[in-house]
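The values are calculated or read from the model by the stated rules, or taken from the named source; none is laboratory data. From a predicted model like this one, the values you see are computed outputs, not experimental measurements. Backbone-built Cβ (ideal geometry, glycine too); neighbour counts: all protein chains shown. To get the accessible areas, we keep the full protein, side chains included, count just its heavy atoms, and leave off ligands, DNA and RNA. Shrake-Rupley method; radii C 1.70, N 1.55, O 1.52, S 1.80 Å.
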Amino acid sequence: MALHYGFTQLPNRRLFMDRLQQAMAQSQVQPDYQFGMLFLDCDRFKLVNDSLGHLVGDELLLAIARCLEGLIQPGDTLSRFGGDEFAILIHPAADLAQLMAIANAILTRMSLPFHLQRHEVFINASIGIVLGDRTYPSADHVLRDADTAMYRAKASGKGQFKVFDPAMHAAVQQNLQLETDLRYAVQQNELIVYYQPIIDLTQRTITGFEALVRWPHPQRGLVPPGDFIPLAEETGLIIPIGEQVLMQACQQLRQWQHDLNHSSLTISVNLSARQLVQPNFLSQLDHILKITQLNPRFLKLEITESAIIENAQTTAILLHCIQERQIQLCLDDFG
């Protein structure tokens, strides 16, 4: 009971890691001995649980376990790590082609429907693959690399496998350092706002600006938005960043309106979907307008269509409240 996982009766993580260590020990004795690990995460499993209930979810996990058992050899180890994660130890492993063939077989089978309690359920998986030998320092390193490859498969569109290579781990370390640096940059208010002019071509005059956040990193130089904005979204840092940008942009526009005696200039600011679902967003917005003394009619908030679609009912109420404040709304990246 201590070494197997609940109703699936599969080896649990503890037993799996013990067998992985045995395979690694054998690779130290036999220089040509190789082993393989496949780390599998079910795509969209939470949707099944949330829509059909946990009993159907458990039945699906059991069906997946039986399916995976039928695709490996008797000497291999299939383990449930918890939740909707499974690990497979192939030992010995002939080569990478063998592991990729097993992964392909899994993906092919899981692309077919599972029939559960009068429900036809479609689900798929993201798989990370590691081919190990005597050079691996520990079982934890094997698991780490398989997990890294699995997340790369998931980030690449799901329903596929990725083979680990050292560049993946380097990228993870780089992202971790980038996140640390970004947190510091936000705390120290190091992000700056650039202003892209919006020009009326018929009159050849500037009518407003779009605020664009930029990050001048002390070592890396100017970090492209494509490198740090998705990271900010993922970590929630986009919320304080968005607040800082909105404050700076409104202050700058109010200053230009005064200095240039051009009261009709506008400022466009992008809003993140994460900002929209913050319960205190409207109070933050009111506070910034009050501090900067900017007329709300000259503020344009740009929202992506995905942000509206994902939280349609809540967003509709929020947009109505924004509209009541006479703030302009724009749909960004439409189509």
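Annotation: of all residues in the range 136-151 being assigned to a loop (DSSP other than H, G, I, E, B) and of a type outside the set (Phe, Trp, Tyr), the one that is surrounded by the most Cβ atoms within 10 Å (Cβ to Cβ) is Ser138.
Here is a list: Thr205, Thr235. Which entry is in contact (Cβ under 8 Å) with a residue 12 or more places away in the chain, among the polar types (S, T, N, Q) and either within 24 Å of Leu301 (Cα to Cα) or crowded, with 18+ Cβ neighbours inside 10 Å (or both)?
Thr235
Which residues, taken from the range 166-202, are in contact (Cβ under 8 Å) with a residue 40 or more places away in the chain, open to solvent by 40 Å² or more (accessible area, probe 1.4 Å) and not in a strand (DSSP E or B)? Passing the criteria: Asn175, Glu179, Arg183, Asn189.
Of the helices (runs of 4 or more DSSP H) lying entirely inside the range 9-126, those carrying at least 3 residues that are open to solvent by 70 Å² or more (accessible area, probe 1.4 Å) and charged (D, E, K, R) are 13-29. Any residue at all in the range 272-285 that is modelled with pLDDT under 95, closer than 23 Å to Arg214 by Cα and charged (D, E, K, R)? Scanning the range 272-285 turns up at least one residue that is modelled with pLDDT under 95, closer than 23 Å to Arg214 by Cα and charged (D, E, K, R).
Does Lys154 qualify as being in contact (Cβ under 8 Å) with a residue 60 or more places away in the chain, open to solvent by 70 Å² or more (accessible area, probe 1.4 Å) and closer than 30 Å to Ser111 by Cβ? Break it down stepwise before answering.
Numbers: in contact (Cβ under 8 Å) with a residue 60 or more places away in the chain: yes; open to solvent by 70 Å² or more (accessible area, probe 1.4 Å): no; closer than 30 Å to Ser111 by Cβ: yes.
Judged against the criteria, Lys154 is not a match.
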